1. Between segment A:401-466 and segment A:328-382, what's the alpha-carbon centroid distance in Å?
2. Please report, for the Cα atoms of the protein assembly as shown, the Rg to one decimal and the Dmax as a whole number; what are they, in angstrom?
3. Going by how many other beta carbons lie within 10 Å of each one, how would you line up A:359, B:157, B:219, fewest first?
4. Taking a quarter of the surface of the convex hull around the Cα atoms of segment B:278-367, what do you get in nm²?
5. Binning at 5 Å from 0, report for segment B:6-108 what percent of all alpha-carbon pair distances ends up in each bin.
6. Using alpha carbons only, how many degrees (0 to 90, rounded to 10) separate the axis of helix B:282-291 from the longest principal axis of chain B?
7. If you restrict to DSSP beta bridges whose two residues both lie in the protein assembly as shown, what percentage is antiparallel, to the nearest 5?
8. Taking each label point as 7 Å beyond Cα in the direction of the beta carbon, state the distances from residue B:278 to the same residue in the other copies, shortest first, in nm.
């Protein structure tokens, strides 16, 4: 192909006076009275467009150049020159200009306008990566993804892919998608009138996973430091800006690690990622600063400068009760903290990232490790200003007898999870892990408030288009 | 935690005479008559075990050390010393030895034996990462995963996550898993007796995707160079060593790229990955060389030294017909090549990696670009000795009228895929991409023949355990 990415020209990677061929799409066209057209071209390699200076001496100037509209695909050849105009250091003095694809009915092209609402863009998710904002989201999302992997790889973690189709329900919530190849128009029933899943593809009822944790535990109990990073699913009917039915989650799982160790890991990871994104995405972050949220850069910098505070849930409840603030959900020991509580603690009271740990056992999952007080479990939530909870984790119950009792208490038959219990039968170890919802991270970094706008094709209740 | 990974000691990263604390699991124990026990310890950081030399002067020598069996979890502190024995340069002279977890009934511990069949290990997929072979597979899989990402990132590609829950069927095969939250015991039917999917979670019938390609095309037609790398699903009832119901796939999609460009990209990518794995996984590859396949290293090296050959499908058919070899499936123009044909071409006839291109249109997907001969499409399969097809790709049909006709021909109503057709209406560009089944790559590199053994928890017909 031998095409030069726009970013290479704009950042001065190519010598002035050298020739380059660029392919991309027209962002805008401006014609001067002197018979020169200025075409700004984007190709996704960076936010900024390349200014192509097109003289009217080209054969196709009148027949094509003057008809170009936003979105046309083109291929241009020209000389790289220093730009006399404002806004860019380099531009392309065009010697050949080929139009590859036109816009059918430019007046109805959905991306013709430069500023559209996020809600409108969501309706055209197949075209929205052509917008500046979704282009920038895509580059930052990619950078964050790489940064997460780099952090774990540099620290000796193995990436493990955990299965998405599962026959077990990690959280015990029951809000899962069924996966099936049964002929739903002609179901077979067993004698008791129950659907006969023995005839289904996997010979049993199967679902989409809500977490890779249990499977990751098996690998941590063999290879010590692992992480999964893949899609997970929730069939919750939650129509909020913070929920997706299909989203990506990062889940490290660490053998020999106790709660304080993964609290430390979570802090190290966030700081590594935030440092990375400041360094590698400065152009896109500046765009978000100007267009979505004036606080994004300062709050990332503040997190980098903070030592994360740690308090017990019990103390957090006391602070909330002593605040005399009127919350929508009243506070007493035993409740799960809601977003308003979390944000009061991290934003108002402490003004810093905060790890709340040791929650009441009755509001937490069966696999969390019981503390000696017999009332709380070794769990933690990491709260950050501006969003509240961003990471949740725990030490896992490594003692078989207590794990068995927990299972029975919530109605799981222990023998149904023999494989999981085997990890405690054979060389059991203390181990811990956490989960980070990747879209919440992208949302936090970009200031794009709705997680539906930071994943390419969002899946939400009643919506699986594209 | 402050634990030292075994690999850091064995590779000499820590100074002799310094002290280290190691946690891991017992691989084996040997007691000398002199009152010293040699405990080999693994922690997953590398294939080799650390030799811990334990004197009988420790308090718990008789009560615990002499009772250790394979699989017990332990934490030891000791001095790093040069090893007088064979097999390792360094060992640990232990001063403290703590047993963390015992093995319940060591005589029945499934991982007690050192050599077990792959089939047996598959039955205990939650414990098999404790074996040398699955540990090695896990490290090589992780290295290949990183290498794929590094290749694309270094070349300016953006990772794009494409949705797994989809309402469209890319390949038109119909062999997909349904995703649903309908109460299957109490289905609602429409008047015509059809299941009422408007009441389902997404308000329509949805499936697990067989490929991220169509969605990736939307992003390539905005950001030029993208790739997806995530799970995909096939509800085929294929019980072979090459098929999984859930597997990972790498799919780059490149705007302005024609068939020859992605053929080149595929070659560059494979060579980059193979170079990387030779460099970074030498210990594990040596293990596979000794235990699974004597040819793995030489065939990787041969691919690195080869220029990939390219021939047209039509010429490939001619070669097969002229071979006078008796194939199970007879060869004539118009058939899809089967594994025996592919392997004859790449192994016997050419003895080199081979790209077969321009297949008959009737055996290929609707989105592949029609060639000027009106009989073939711009598709390619990359064949390598020892496995046959490892990559399949094509240039995509960017001309709306031909795409429409293709859809109608196979029974897709064009208006059902308006979003996909929009990509051709608005600034259409030539674009191309390919797919690489990740488990086949891991299988090829490790010599582990069955893809069920190179993914942590395989999903296959009638099997979704763990």
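FYI, it's all coordinate maths here, none of it is from the lab. Small disclaimer: the values here were computed from a predicted structure and weren't measured. Don't worry about glycine lacking a Cβ; one is built from the backbone with ideal geometry, like all the others, and counts go over all protein chains shown.
1. Distance between centres, Cα-based: 18 Å.
2. 29.3, 99
3. Ranked by crowding around the Cβ, least crowded first: B:157, A:359, B:219.
4. 8.0 nm²
5. In whole percents, the pair-distance histogram is 2, 13, 26, 27, 18, 9, 3, 1.
6. Between helix and principal axis, roughly 90 degrees.
7. Counting only bridges with both partners in the protein assembly as shown, antiparallel ones make up about 90 percent.
8. Nearest first, the other copies' label points are 4.2 nm away.
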